[in-house]
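The structure under discussion appears below in the form of C-alpha cells.
Please treat every number below as a calculation from the coordinates, not as lab data. Note that this is a predicted model, so its numbers are computed, not measured. Here Cβ is always computed from backbone atoms with ideal geometry, including for glycine, and neighbour counts include all displayed protein chains.
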C-alpha cells in the first residue's frame, strides 16, 4: 500500500506502468464493441477502458497504469475511489437508493444544502436546490433569475461553455462540436467580449478595465440593462481554454450588475470545490455572486449539481417550480458530504495551491525553451498552456496540440485538450495526486515537446 499526500491509503500502486501500446489490444477490442452499440457522437479523449482508478492513476483492461492529469474533467478531485466517499455511498445503498426528495425527503439533501449555503461566497442568507448535472444547474439558475427579476435577457461571454441542453448550448460560445447542426437556439441570449489577457488587442495590462467598459457599454446600448435578468460567467473559463479573466474584470462586471438590478451568476461547475486553490474561484477577487452553480467536483463522481443563491431570490419561485425526479439522489448526497469532509479535513484548497506552485514554474520554464507555447495560465490545480504556430501572430496550432497530447497518452500520461481554437492543453490532476506522479507527468510533457514537429 502507498499513501497519497492527504494521508489516506491507496489501494493501487501509485506508479506509471506502460505494458502495451496505448490503447492496448483489449481496449481496442472493447472499442470495436462500442462502435456497434454507441453512436459516434459520444466521443472519448483516450479509448482505454478502465478497470480501476485511485490516487493519481487510472488502470486499464490491458494492465497499463496511466498518470491522471484529467480527473474526469475536474470531477474526482478527492480521488476516483476516495475511502470516505465509498464508505458513505456503500452504507446509504444498503438503506435505500431513492425515494425522490419531492415525494419523501431525507436528511442528507438538507445537509448538503446547509453546507453549500455555508461555504459559498457571502455571509447573506442563502438557499440551495440540488439537480443532476452542471447544465441542469445553469438552466435552473437562468429560470430563477428570470422569475425573480421579471426580465428575459441573459448575457454570456465569448469562449464560454455552460452545457449541452438547448438553453445551455445556446449560452455556450463554441460551435463545433457543441452546437453545430443542433439549432435553432433559445432566444434572448446575448454574447459579450471576455477579458482574455493573452489575446486582448491592446495587451494584458489594459485588458481588464477596457473589456469591462466595453461590456457595460454594449449591454446598455444593445440590450438595455433594465431588460437583463442575469449575467452568467465562469470565473475561469473551462472548455473555452482555461482563460482567467484579467484582474478587475469580474469585480467590475459584478458591480455593474448590482447597479442595474441584474443578477450575477457564477458558473463554478468546473472551478468549484478547491480546484483553483480557493474553495470557489470567484473568491480570488472577492466577488460575491447572487447565484452560484456547482457540479463536477461536488460528489466524487456521482451525478449531483446545485444552485445556491440569495434567499430573497431563491424564495421567490412558486412551490413545485423547481426540482426533478433524481435531483439530490441520496447516494450522491452522501458522496457530497464525504467530499466536503475530505476537502476540509485534508486541507485540499492548500494542496491545490501547492500543485499550482509545482506546475506553473516548470511550465513557464518549458515555455521559455519552446516558443510554440504562447501562454501559461491558471490557478491551483487548474492549469493550461496555449500552443501557437508563431508567437508573433499567436495563430493557434490545434494540430500540434493534438500531437503533443497523443505523445503524452502513448507515454502513459492522460491529458486533455480544450479551447475555442482547439490549441490548449489543460491539466486537472486530482488534488490527491502524489507529488512524485505530478513531477513524472511534467517530465513526460517536457519530453513530448522535444523535437516537436513544425506547426
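Observations on the structure shown:
- Cut-off 12 Å (backbone N to label point 7 Å along Cα→Cβ of residue 447), residues of segment 17-40: 17-18
- Volume per residue of the C-alpha convex hull in segment 85-345, rounded to whole Å³: 129
- Neighbour-count ranking [beta-carbon atoms within 10 angstrom, fewest first] of 450, 349, 120, 294: 450, 349, 120, 294
- Coarse-grained scattering of segment 298-383 at q = 0.22, 0.24 Å⁻¹, given as base-10 log I(q)/I(0) from a Debye sum over alpha-carbon atoms: -1.04, -1.11
- Using the Cβ-Cβ distance between residue 439 and residue 152 with R0 = 51 Å, the FRET efficiency computed as 1/(1 + (r/R0)^6) comes to roughly 0.50.
- Its alpha carbons considered, segment 249-303 gives a radius of gyration followed by a Dmax of 12.3, 39 Å.
- Cα-projected label distance for residue 399 with residue 175, points at 7 Å along beta-carbon direction, nm: 2.1
- Extension gain (nm, one decimal) between residue 316 and residue 260, 0.36 nm per residue minus Cα-Cα: 18.2 nm
- CD proxy at 222 nm, helix term only [per DSSP H run n ≥ 4: -39500 (n - 2.57); per residue of the chain; nearest 500]: -11000 deg cm²/dmol
- Among beta bridges from DSSP that stay inside segment 85-345, the antiparallel ones total about 40%.
- Antiparallel bridges, percent of DSSP beta bridges restricted to the chain (to nearest 5): 70
- Gain in span if fully extended, residue 218 to residue 90, counting 0.36 nm per residue against the direct Cα distance: 40.9 nm
- Taking other C-beta atoms within 10 angstrom as a stand-in for reagent exposure, 290, 123, 443, 375 fall in the order 123, 443, 375, 290, fewest first.
- FRET E, pair residue 28, residue 325, Förster distance 41 Å, beta-carbon r, rounded to 0.05: 0.60
- Point-to-point label distance, residue 38-residue 357, nm (Cα→Cβ direction, 7 Å offset): 3.9
- Three principal axis lengths of segment 125-213 [C-alpha, angstrom, descending]: 41, 41, 23
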